[in-house]
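Notes for the one structure printed next.
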Amino acid sequence: MEQTKSLIVTGAGAGIGRAVLMHFHGLGWRVIGLDRDAAALDELRAALPDSTASLIECDVGRESAVKEAFAQMGDQPLGVLVNNAGIADPYCGPLEDLSLDDWHSWIDASLTGAFLCTRAALPLLRKAEQANVINISSTRAIMSEPETYAYSAAKGGLDALTRAMAVSLGPDIRVNAVRPGWIETGPWQKQADRSNPEHRPRDRKQHPAGRVGRPEDIADAVEWLVGAGFVTGQAINVDGGMTVKMIYED
Ligand code: NAD
């Protein structure tokens, strides 16, 4: 069976989503990127020819916006959906001050967005050969720092949603999650926000792989999962080994 070479990635305007979009575009796939940041999409549009890439402004946490975005895509088969959009900063402050609106902003971008986009994409995925849904979770689904309630809950929910979808949507559609660890996205931001931070030796030492991650590492993992025909319902840590290293306070 020939893999259907088309991919949708949410949160494609910056960071990991942008790297995934560019990676698969470089492999010759038809790519569609969704993001709520219009300026980031304009920049990408200037770099990619219209015939091979569609970039659509969409807040994936809003049902009507997702419906409108998918209505613009036509009905061609879809090989891969990458639910990547999310609010990258996990810190939400003390629990007693966390408003319901703020709680929803983390949950909506990651968890509700993955539900809405997967539901909208199903008719297109079902037309494809070897369809995949890949959810970008986080190692914070399984380990926490203080005051990251909404982010952690969104990612734990995304891991559970991954398993639930895998057992229900198979065998035609495989569903997996990638759990990034610390990924430096500075060089993959839109021009106005771009940066190239230096990492401290202790940051590198925290990783058995000897370095902080790059968005390209996540794109490689997504490509691997797309080709891994007997893997479904899994959440794979792509974290340079950080989650298996015991850390003691100094
Ligand atoms: P980023 O901020 O660089 O990029 C996220 C993109 O998603 C942005 O372009 C933003 O506009 C978009 N976005 C946010 N909310 C959206 C919404 N509701 N609708 C549409 N687009 C939306 O972030 P990143 O670091 O590349 O993170 C991407 C994903 O990877 C997130 O789900 C994040 O939780 C996860 N992740 C990142 C890291 C890391 O260290 N960078 C680690 C673990 C998990």
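If you take the residues of the range 168-209 that are touching an Asp or Glu at 6+ places or on another chain (Cβ under 8 Å) and outside any loop (DSSP other than H, G, I, E, B), which of them is nearest to residue 114 (Cα to Cα)?
Of all residues in the range 168-209, those touching an Asp or Glu at 6+ places or on another chain (Cβ under 8 Å) come to 177, 179-183, 190-191, 197, 199, 207.
Restricting the remaining residues to those that are outside any loop (DSSP other than H, G, I, E, B) gives 177, 179-180, 183, 191.
Working: 177: 11, 179: 15, 180: 16, 183: 21, 191: 27 Å.
Per the stated criteria, the residue is 177.
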| task | Restricting attention to the range 11-33, report how many residues are over 15 Å from residue 77 (Cβ atoms) and either in contact with a helix residue (DSSP H, G or I) (Cβ under 6 Å, 6 or more places away or on another chain) or open to solvent by 50 Å² or more (accessible area, probe 1.4 Å) (or both). | result | 15
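Does the range 138-153 include one or more residues that are among the hydrophobic types (A, V, I, L, M, F, W, C), near the ligand (Cβ under 10 Å from one of its atoms) and within 21 Å of residue 69 (Cβ to Cβ)?
no
Out of 148, 139, 232, 162, I need the residue that is polar (S, T, N, Q), modelled with pLDDT of 95 or more and open to solvent by 50 Å² or more (accessible area, probe 1.4 Å). Which one? If you could, list the steps in order and put the result at the bottom.
On the way: 148 fails: open to solvent by 50 Å² or more (accessible area, probe 1.4 Å); 139 fails: open to solvent by 50 Å² or more (accessible area, probe 1.4 Å); 162 fails: open to solvent by 50 Å² or more (accessible area, probe 1.4 Å).
Just one listed residue meets the conditions, 232.
Take residue 64 and decide whether it is out of contact with any helix residue (DSSP H, G or I) (no Cβ under 8 Å at 6 or more places or on another chain), more than 12 Å from the ligand (Cβ to nearest atom) and part of a strand (DSSP E or B).
Working: out of contact with any helix residue (DSSP H, G or I) (no Cβ under 8 Å at 6 or more places or on another chain): yes; more than 12 Å from the ligand (Cβ to nearest atom): yes; part of a strand (DSSP E or B): no.
So residue 64 fails the test.
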| task | Mind counting the residues in the range 18-38 that are within 16 Å of the ligand (Cβ to nearest atom) and closer than 23 Å to residue 126 by Cα? | result | 7
| query | Any residue at all in the range 56-74 that is surrounded by fewer than 23 Cβ atoms within 10 Å (Cβ to Cβ) and β-branched (Val, Ile, Thr)? | reply | yes
| query | Which residue pairs have Cβ atoms under 8 Å apart, sit 6 or more places apart or on different chains, and have a first residue in the range 47-61 that is within 16 Å of residue 78 (Cα to Cα) and a second that is among the charged types (D, E, K, R) and within 11 Å of the ligand (Cβ to nearest atom)? | reply | 55/35
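When the residues of the range 188-203 are narrowed to those that are in contact (Cβ under 8 Å) with a residue 12 or more places away in the chain and not aromatic (Phe, Trp, Tyr), which ends up nearest to the ligand (Cβ to nearest atom)? Walk me through it before giving the result.
From the range 188-203, those in contact (Cβ under 8 Å) with a residue 12 or more places away in the chain are 188-193, 197, 199, 203; that's our starting set.
Next, from what is left, pick out any that are not aromatic (Phe, Trp, Tyr): 189-193, 197, 199, 203.
Details: 189: 6, 190: 8, 191: 13, 192: 12, 193: 9, 197: 12, 199: 12, 203: 12 Å.
Selected residue: 189.
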| In this structure, is residue 184 over 14 Å from the mean Cα position of the chain (by Cα) and within 12 Å of the ligand (Cβ to nearest atom)? | yes
| note | Being of a type in the set (Asp, Glu), modelled with pLDDT of 95 or more and more than 16 Å from the ligand (Cβ to nearest atom) narrows 97, 108 down to just 97
| query | Could we say that residue 68 is of a type outside the set (Lys, Arg) and in contact with a Leu (Cβ under 9 Å, 6 or more places away or on another chain) here? | reply | no
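Taking the stated definitions as given, is residue 4 at pLDDT 95 or above, of a type in the set (Ser, Thr, Tyr), open to solvent by less than 70 Å² (accessible area, probe 1.4 Å) and within 11 Å of the ligand (Cβ to nearest atom)? Outline the logic, then answer.
Numbers: at pLDDT 95 or above: yes; of a type in the set (Ser, Thr, Tyr): yes; open to solvent by less than 70 Å² (accessible area, probe 1.4 Å): yes; within 11 Å of the ligand (Cβ to nearest atom): no.
For residue 4, the condition - at pLDDT 95 or above, of a type in the set (Ser, Thr, Tyr), open to solvent by less than 70 Å² (accessible area, probe 1.4 Å) and within 11 Å of the ligand (Cβ to nearest atom) - is not met.
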| remark: Per the filter on the range 186-229, residues out of contact with any helix residue (DSSP H, G or I) (no Cβ under 7 Å at 6 or more places or on another chain) and either on the phi > 0 side of the Ramachandran plot or of a type in the set (Phe, Trp, Tyr) (or both) are 224
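For the subset of the range 210-229 comprising residues that are charged (D, E, K, R) and assigned to a loop (DSSP other than H, G, I, E, B), which member is least open to solvent (accessible area, probe 1.4 Å)?
Of the residues in the range 210-229, the ones charged (D, E, K, R) are 211, 214, 216-217, 220, 223.
Within this subset, residues satisfying the condition of being assigned to a loop (DSSP other than H, G, I, E, B) are 211, 214.
Values: 211: 81, 214: 114 Å².
The extreme case among them is 211.
The values are calculated or read from the model by the stated rules, or taken from the named source; none is laboratory data. Here the structure is a predicted model, which means the values were calculated and not measured. Cβ atoms come from the backbone with ideal geometry, glycine included; neighbour counts cover every protein chain shown. Areas reflect the complete protein model, heavy atoms only, side chains present, ligands, DNA and RNA absent. Shrake-Rupley method; radii C 1.70, N 1.55, O 1.52, S 1.80 Å.
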